[in-house]
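The values are calculated or read from the model by the stated rules, or taken from the named source; none is laboratory data. Small disclaimer: the values here were computed from a predicted structure and weren't measured. With ideal geometry, Cβ positions are generated from the backbone for all residues, glycine too; neighbour counts draw on all protein chains shown. For accessibility, only protein heavy atoms count, side chains too; no ligands or nucleic acids. Shrake-Rupley method; radii C 1.70, N 1.55, O 1.52, S 1.80 Å.
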Amino acid sequence: MALGKRFSNWRARLLWSGYGWCNIITLAVLMLALLFMFIGLPVLSHYNWGKKSKYRDQQPISDYDIMINKMARNYTSVGQPLVPKELPIDKDSPPGLTWTSATNKKWKLVFSDEFDTEGRTFGPGEDSTWEAVDLWYWPTRDLEWYDPHHAHTEGGNLVITIERNESHANLPYTSSMLQSWNKRCFQGGYLEVRVSFPGDGIKSGFWPAVWTLGNLGRAGYGATTDGLWPYTYNSCDGGVMVNQTNSALSMLPGQRLNACVCSGDHPSPGIGRGAPEIDIFEGSVSNNLISLSMSDQVAPFDYHYAINRKDYTHIWNELPLGKPDTAGGARANSYIGGTYQQS
């Protein structure tokens, strides 16, 4: 009995000692953290972190998106001044042009090109704003060679010509691609373009497009886009790794300039950098009806390339499910991505 009593007293002293209290507090914290992770976070996410955006009546945009937008503006401006600071505005552009954003902020025009000057050409060194490349665009295995001489200005327009001409690399067509790489950089904004389709506008087989790419990568130059396109990520976790550790999800080589790099060959150590793609439009014609596709291409990828569309997009003039395509109508892009990009 004496031995049992001494053991009971020793156990009681151990339970209510400093070590005992530390164990109890640790278990309580772990339990609270698990409850918050599996119950609290889903509830907060469902109710938009418990807040309502003051901009929600103008356009669907979450408070989380507004926070990320502010962070991006702060991060991308650190040590990265725009060069040149003053971008050219075409003298032929109407004066006083402004645009009001979804956050009710009025933006002023900072760059324009009306292409009104006759006879401009865009070979290397010929134009301060654009450069027409001389290459085969292998990433999408285009059927044409891009030649600088197939782009010029005429009659107040930029004219890009496509010809059946096997002059390069046994490709059956020759056309042109204009780039602004390393000539003009934007850290966000609103872009507006006016484009007409080839010929009478209803010929199929063409794939005209206007799109942007982060300036760290140059379209058509694979060494510059490898490990940069289409990354837009500023976290140090599995998303930056090769294939995101899952080759069934991603075949990308990993984010080359990721947030895990604290020093060395990195333009902004500790900050994730990349070259995401925003397609202002990609055009095609089917059954005499012009179709425009708008999308962005990003990495790393979500599970099954799925996002909550209501939180990130708003489609004007959206066509009901089952209704055929009509002029002026719009619907969600059916392409959501693959092992090389999430769209």
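For the stretch 235-343, the solvent-accessible area works out to 61 Å² per residue, with a probe of 1.4 Å and every protein chain left in place.
Length gained on full extension, residue 204 to residue 23: 58.1 nm, using 0.36 nm per residue less the C-alpha separation.
Rg of the Cα atoms in the stretch 191-264, relative to 2.2 N^0.38 Å, amounts to 1.55.
Scaling the Cα radius of gyration of the stretch 142-251 by the globular reference 2.2 N^0.38 Å produces a ratio of 1.37. Starting from the Cα of residue 38, step 7 Å along the direction of its Cβ; do the same at residue 163; then give the gap between the two resulting points in nm. Those two pseudo-labels are separated by 6.9 nm. Surface composition of the stretch 253-343: carbon plus sulfur atoms hold 55% of the accessible area, using a 1.4 angstrom probe and ignoring ligands, DNA and RNA.
Inter-part distance, the stretch 82-136 to the stretch 195-269, computed on C-alpha centroids, equals 24 Å. Using a probe of 1.4 Å, the accessible surface attributed to residue 290 totals some 80 Å² when neighbouring protein chains are kept in position. When 265, 92 are compared by accessible area at a 1.4 angstrom probe, the order from most to least is 265, 92.
Counting heavy atoms of the protein chains alone, residue 29 has an accessible area of about 90 Å² for a 1.4 Å probe. Using the Cβ-Cβ distance between residue 286 and residue 121 with R0 set to 45 Å, the FRET efficiency from 1/(1 + (r/R0)^6) comes to roughly 0.85. For the stretch 164-220, the solvent-accessible area works out to 65 Å² per residue, with a probe of 1.4 Å and every protein chain left in place. Panel values: the stretch 213-343, Kirkwood radius from alpha carbon pairs, Stokes-Einstein at 10 °C and 1.306 mPa s, translational diffusion coefficient 97 µm²/s. For the residue pairs 105/310; 106/203; 105/183, alpha carbon separations beyond 29 Å are given by 106/203.
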